[in-house]
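To start, the structure itself, in structure tokens.
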Amino acid sequence: MRGKNIRFIHKVKKHFGEFNASVKLHLNNLRYFKQLRAVPEAALLREIQLGNWGGRLFVEDINNDGLKEFLWLQTAGMFKSKIYDQSQGVKNYFDIVGRDIFCLTATDQHGDILWQTGAPYSGEYAYLSHAAEHMLAFGDINNDGYKEILVFDESSHLLVLSPLDGAIIKKIQLPADNFSIVHYIQEAEDASSFKILLGVTDRGYPPHPYGNPRLIMNNQFEVISSKDYRGAGHYISVDDVNRDERPEVLMGYQLVDLEGETIWIVDYWKGRDIDPRKQHVDHVATLWLDGQWFAAIAGSDRLYFVNSQGKTLWSKYLPHPQFCLIGSYQGEKRIFVLNQREIMNSIRLDGTEVWRGILPENWPMGKPKCSNPARPIHMDDPAALIPGKAGEDDYILYKEGGWPYLIDFNGQITKKFPHTSNIPAKNPALPFHRINDIGLSYEAESADINNDGKPEVLIYNREYLWIYTL
């Protein structure tokens with residue numbers, strides 16, 4: 001009897017805690033919505049209805065006509081790998097929609113199709129996709145002056161596509177089906193001097209630990225390095241860190257040259273054991289300041305700020321630093337951190353926290369009922385940097401709380417985006433609660449698409465695209 005009473009008390013405490021948190025979040029949302037009513041609106045340039053090919057958006061001038069084109073990728077993302085048959089929820093959903101999803105559609109800025117590779121998804125229910133934003137890259141691989149498209153197919157191949165008609169130029173067999181990160185890295189001005197870097201976003205097939213391996217290919221697409229790196233996770237940063245006129249790669253907690261050799265490891269991790277699932281690198285934001293390179297590393301249980309020698313200048317325990325950006329606010333640089341399903345933080349470069357809070361949800365037509373109730377909804381890339389003019393503030397395009405809006409590096413809403421009637425509430429009875437993975441939330445990107453030197457904001461789902469000027 002005593003055991004039942006204890007369980008009942010714990011149950012009551014749990015429900016009371018959830019209720020209390022819900023009330024606090026509601027009050028927080030009300031405070032922000034008052035602020036939201038007062039902020040200026042961006043101007044809607046146009047709304048485009050997408051065809052059955054709507055998916056993940058990539059923006060690039062693929063035909064050298066001076067205008068950027070839109071590429072729409074339909075893919076299961078990292079879930080294309082059969083390694084996720086071990087995840088019951090993912091496998092059950094694929095039993096409904098299927099896994100063999102691949103279509104890439106190129107359009108102009110008005111949604112007119114230029115070419116299409118693969119077949120658009122045609123199932124009754126929304127298809128499942130995760131981490132698709134890392135699965136496509138651009139780079140001149142044959143020195144013809146055009147940027148070819150590198151993209152993973154639905155199985156275990158890396159495709160090289162012609163940017164002019166989508167034709168398959170190369171189809172490279174990979175050692176496994178779980179590669180889902182691709183980078184084209186040009187080593188010199190000569191376009192034939194490049195490397196291709198491939199990575200695993202999440203789980204690794206044995207004997208590789210989480211986030212591994214990482215492959216480096218030469219310009220003949222031959223693997224010249226295949227290694228596991230400590231803390232490898234979801235993001236790779238490329239820069240000439242040591243100023244030797246060759247790019248280096250930050251992979252996990254290691255700085256690596258283009259032959260795959262480790263230059264340094266973040267000093268915090270020298271001689272320490274690591275739990276690759278709980279302490280991997282989720283994201284990296286880098287900064288050049290007074291000729292020196294620095295990096296903020298969102299490392300799952302800590303945020304690290306390191307210099308170009310890998311020295312940890314400071315680190316902070318946070319709930320789960322998932323994503324970070326570095327930008328300017330009132331004359332100083334700030335690091336903005338988005339934690340997984342938790343608070344956000346604004347931190348000065350010396351490690352002083354100056355703001356923390358949680359940004360509100362903004363669902364003008366109602367939040368899908370199948371959504372996970374926890375906040376935020378946990379997107380892979382929950383925000384994007386909007387650079388200001390020299391000497392002015394930078395801004396953050398926040399997209400993890402429903403309909404996107406702009407904030408500054410002090411967590412204040414600065415601009416909102418008017419919406420049309422084509423953002424209906426969707427409440428399908430689907431057995432999956434990561435609504436961003438099934439296309440029920442909104443994605444957003446920033447790009448200068450009209451060549452006026454100012455970024456436009458592109459908000460989209462799988463059915464519509466809305467283009468705004470700031």
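The values are calculated or read from the model by the stated rules, or taken from the named source; none is laboratory data. Fair warning: this is a prediction, and the values are worked out from it, not measured in the lab. Cβ coordinates were reconstructed from backbone atoms using ideal geometry, including for glycine residues, and neighbour counts include every protein chain displayed. Heavy atoms of the whole protein, side chains included, go into the accessibility calculation; ligands, DNA and RNA do not. Shrake-Rupley method; radii C 1.70, N 1.55, O 1.52, S 1.80 Å.
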Added length on full extension, which subtracts the Cα-Cα distance from 0.36 nm per residue, residue 392 to residue 307: 28.1 nm
Spin-label pair residue 143/residue 354, simplified geometry with 7 Å Cα→Cβ offset, distance in nm: 4.9 nm
Where only C-alpha atoms are counted, convex hull volume of the stretch 309-375 per residue in Å³: 122 Å³
Accessible area in the full protein assembly, largest first, 1.4 Å probe, for 192, 346, 328: 192, 328, 346
Dipole magnitude (debye, nearest 20) for the stretch 371-435, charges at Cβ of Lys, Arg, Asp, Glu: 360 debye
Extension gain, residue 343 back to residue 223 (0.36 nm per residue minus Cα-Cα distance, nm): 39.1 nm
Label-point separation in nm, residue 37 to residue 100, each point 7 Å along Cα→Cβ: 5.5 nm
Above-threshold pairs, the threshold being 31 Å between Cα atoms, out of 68/415; 34/68; 68/367: 34/68; 68/367
The stretch 272-336 and the stretch 225-262: distance between their alpha carbon centers, rounded to Å: 15 Å
Local electrostatic count at residue 299 - Lys and Arg +1, Asp and Glu -1, tallied over other residues with Cβ under 14 Å: +2
Solvent accessible area, Å² - residue 277, 1.4 Å probe, full protein context: 130 Å²
Among 117, 263, 349 the positive-end extreme of the charge dipole of the chain (Cβ point charges): 349
Relative contact order (percent, whole number), the stretch 271-361, Cα cutoff 8 Å, 6+ residue spacing: 18 percent
Built amide H within the under 5 Å cut-off of residue 130, gap 5+: 77, 78, 79
Förster-model FRET efficiency, 41 Å R0, residue 374 and residue 463, C-beta, rounded to 0.05: 0.95
Candidate aspartates and glutamates for bridging to residue 369, where Cα separation is under 17 Å - those fewer than 8 sequence places away on the same chain excluded: 361, 400, 437
Zone of residue 169's modelled label, taken as backbone nitrogen in the stretch 187-229 under 14 Å from a point 7 Å along Cα→Cβ: 191-196, 219-221
Relative compactness, the stretch 322-470, computed as alpha-carbon Rg over 2.2 N^0.38 Å: 1.07
Two-decimal ratio, the stretch 374-456, of alpha-carbon radius of gyration to 2.2 N^0.38 Å: 1.26
Per-residue SASA entry for residue 463, accessible area with 1.4 Å probe, Å² rounded to 10: 80 Å²
Computed [θ] at 222 nm, helices only, for the chain once each DSSP H run of length n ≥ 4 contributes -39500 (n - 2.57): -3500 deg cm²/dmol
Full-extension gain in nm, residue 47 to residue 257, via 0.36 nm per residue minus C-alpha separation: 71.2 nm
Residues with amide H under 5 Å from that of residue 264, placed H, sequence gap 5 or more: 255
Furthest towards positive pole of dipole, 71, 274, 370, structure part the chain, Cβ charges: 370
Point-charge dipole on Cβ atoms (K/R +1, D/E -1) for the stretch 313-417, about Cα centre, debye to 20: 300 debye
Sequence of 365, 78 from largest to smallest accessible area, 1.4 Å probe: 365, 78
27 Å Cα-Cα reach of residue 82 towards lysines, excluding residues that sit fewer than 8 places from it in its own chain: 91, 170, 171, 227, 278
Label-point separation, residue 288 to residue 245 (7 Å along Cα→Cβ), nm: 1.5 nm
Residue among 204, 430, 178 farthest towards the positive dipole end of the chain, charges placed on Cβ: 430
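Between rounded, prolate and oblate, where does the stretch 112-208 land on the alpha carbon gyration tensor, with a ≥ b ≥ c its root eigenvalues, rounded for a/c under 1.5, else prolate if a/b exceeds b/c?
Oblate, because a/c is 1.5 or more while a/b does not exceed b/c.
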Net charge dipole size for the chain [Lys, Arg +1 and Asp, Glu -1 on Cβ; Debye, nearest 20]: 3260 debye
Net charge of Cβ neighbours under 13 Å - reference residue 266; Lys, Arg +1; Asp, Glu -1: +4
